[in-house]
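Chemist: Can you read through this structure? Questions will come right after.
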Amino acid sequence: MPFNTALTRKLGIAIPIIQGGMQWVGYAELAAAVSNAGGLGILSALTQPTPEDLRKEIRRCRKMTKNPFGVNLTLLPALVPPDYAAYAQVIIDEGIKIVETAGNYPGPVINQLKSSNLTILHKCTTIRHAKSAIRLGVDFLSIDGFECAGHVGEHDITNFILLSRARQELKVPFIASGGFADGQGLAAALALGAAGINMGTRFMCTVESPIHHRIKDRIVAADENQTALVLRRWRNTSRLFKNKAAEDALKVEKESTTGEFGEVASFVSGKRGREVFLNGDAEYGVWTAGQAIGLIHDIPTCADLLPRIEREALEAMQRSAVQILITMFQPRHF
Ligand code: FMN
């Protein structure tokens, strides 16, 4: 195990790589494959329609891997919010030890999970939010830079700055999330002070990811320019794949004279996004993807991907070490 970090030690994993929670993607097949490959796979709680369905999914995942895996619980604004406490209770009752939390007002859910001594990784896009989460007792911060897929926040700080700010300011270990897809990225994250990386878009494009192969092909074909930021006007900015549906939503967002969310709601429908993953029509609705889309050129199994990232990171670090040695022994001419 070449990388022994606060993350690998606390979670009991071999490679410091987490598969972030992904709505309509984070099923048992993917989470188990990531955990079997030495990382931490994460099931998405709200992908399951009820807490009882989550219980079944946890049990299904446990049959597929003996290694640790986690559950993501995302708290987002909703007219009728899901019963978060009931989802959290299932997570506790089923003996899950690691939870990735994300979203607004996580206090009650974090208290509930911490009272059963679970390890919490909380996602945040600003240092201020990270500090609030630390006060709630989280064990790790997952620092989501502006490159990331999904909810990027409203401050647009990329990981080059955000991770170093985390290293300077936070007293709790942190994971780098957003824009990571290879071992060079892992090496950079570790150099910036992170205890590991969290990846979403890269894992969407693996053999075990349960989305239609045409969407995976579309990810491989795309470059880093093919994401769009939607819903800024409502302070709920999301980074999505830049397709016709996202561009239509942006047009409404720019041109709406009322500023009513209702005007854009049907353009950003989660139901249509889910259909994209099932029917393989990348234009059918909006779907989430990060700028790392430009770094993805293949569809590997998780069993191939994780050791590859580990190897690339080691090679990148060795190259830097050799460079330092060469520099040290070169005569200096000032
Ligand atoms: N993060 C959450 O906390 N909750 C979600 O429900 C969620 N859904 C996602 C769905 C998709 C398809 C993708 C690609 C990402 C999603 N994310 C979600 C964000 C990921 O967990 C992760 O933070 C993000 O993808 C990291 O950026 P990257 O894509 O550049 O690796």
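Chemist: Rounded to the nearest 20 Debye, what is the dipole magnitude of segment 116-212 about its Cα centre when Lys and Arg each give +1 and Asp and Glu each give -1 at the C-beta?
Modeler: Charge dipole of segment 116-212: 380 debye, to the nearest 20.
Chemist: Another question about this same structure. To the nearest 20 Debye, how big is the dipole of segment 227-288 about its Cα centre, given +1 on the beta carbon of each Lys and Arg and -1 on that of each Asp and Glu?
Modeler: 260 debye
Chemist: Please compute, over every Cα-Cα pair in segment 170-220, the percentage with a separation greater than 17 angstrom.
Modeler: Numbers: 564 of 1275 pairs.
Percent of Cα pairs beyond 17 Å in segment 170-220: 44.
Chemist: What order do you get for 202-210, 87-95, 147-155 when each peptide is scored by the mean count of other beta carbon atoms within 10 Å, highest first?
Modeler: On the way: 202-210: 23.6, 87-95: 18.2, 147-155: 21.0.
Peptide ranking by packing, descending: 202-210, 147-155, 87-95.
Chemist: Using Cα-Cα distances under 8 Å and only pairs 6 or more residues apart, what relative contact order does segment 6-208 have, in percent? Before the final figure, lay out each step's value.
Modeler: On the way: 398 pairs, mean separation 35.9, N = 203.
Averaging sequence separation for qualifying contacts and normalising by length gives 18 percent for segment 6-208.
Chemist: Charges only on Cβ, +1 for Lys and Arg, -1 for Asp and Glu: so what's the dipole of the chain about the Cα centre, in debye to the nearest 20?
Modeler: Details: 37 positive and 33 negative charges, 180 e Å.
Approximately 860 debye in magnitude.
Chemist: Shifting gears a bit: Name the residue from F267, F277, A32 whose Cα lies farthest towards the positive end of the charge dipole of the chain, charges +1 on Cβ of Lys and Arg and -1 on Cβ of Asp and Glu.
Modeler: Final value for the positive-end residue is A32.
Chemist: Using 27 Å as the Cα-Cα cut-off, could you pick out the over-long pairs in K10/K131; K66/K114; K97/K171; K131/K242; K131/K271? Intermediate values should be presented prior to the final figure.
Modeler: Numbers: K10/K131 20 Å; K66/K114 24 Å; K97/K171 22 Å; K131/K242 33 Å; K131/K271 34 Å.
With Cα atoms farther than 27 Å apart: K131/K242; K131/K271.
Chemist: Let me know the shape class of the chain, please: from the alpha-carbon gyration tensor, a ≥ b ≥ c as square roots of the eigenvalues, rounded when a/c is under 1.5, otherwise prolate if a/b is greater than b/c, or oblate. Walk me through the numbers on the way to the answer.
Modeler: Numbers: a/c = 1.44, a/b = 1.23, b/c = 1.18.
Note, shape of the chain comes out rounded.
Chemist: Based on DSSP, what percent of beta bridges with both residues in the chain are antiparallel, to the nearest 5?
Modeler: Numbers: 7 of 34 bridges.
So the antiparallel bridges in the chain amount to around 20 percent.
Chemist: Share of the chain's accessible area from carbon and sulfur, percent, 1.4 Å? Provide the component values of the computation, followed by the final result.
Modeler: On the way: 8580 of 15380 Å².
Roughly 56 percent, rounded to a whole number.
Chemist: To continue, here is another question. Using alpha-carbon positions, what is the distance between the centroids of segment 56-89 and segment 105-156, in Å?
Modeler: 16 Å
Chemist: If r is the Cβ-Cβ distance from N104 to T301 and R0 is 35 Å, what FRET efficiency results, to the nearest 0.05? Let's see the in-between values first.
Modeler: Details: r = 36 Å, r/R0 = 1.02.
Here the calculated transfer efficiency is 0.50.
Chemist: Can you give me the P(r) profile for segment 227-288? Cα pairs, bins 5 angstrom wide beginning at 0, each as a whole percent.
Modeler: P(r) for segment 227-288, in whole percents per bin: 4, 21, 32, 24, 12, 5, 1.
Chemist: Which value, in Å², gives the accessible area per residue of segment 1-71 when a 1.4 Å probe is used on the protein heavy atoms? Working shown, then result.
Modeler: Working: 2760 Å² over 71 residues.
Roughly 39 Å² per residue, with all protein chains present.
The values are calculated or read from the model by the stated rules, or taken from the named source; none is laboratory data. Keep in mind the model is a prediction, meaning the values are calculated, not measured. So basically every Cβ, Gly included, is an ideal-geometry build from the backbone, and we count neighbours across all protein chains shown. Note: areas computed on protein heavy atoms with side chains; ligands, DNA, RNA excluded. Shrake-Rupley method; radii C 1.70, N 1.55, O 1.52, S 1.80 Å.
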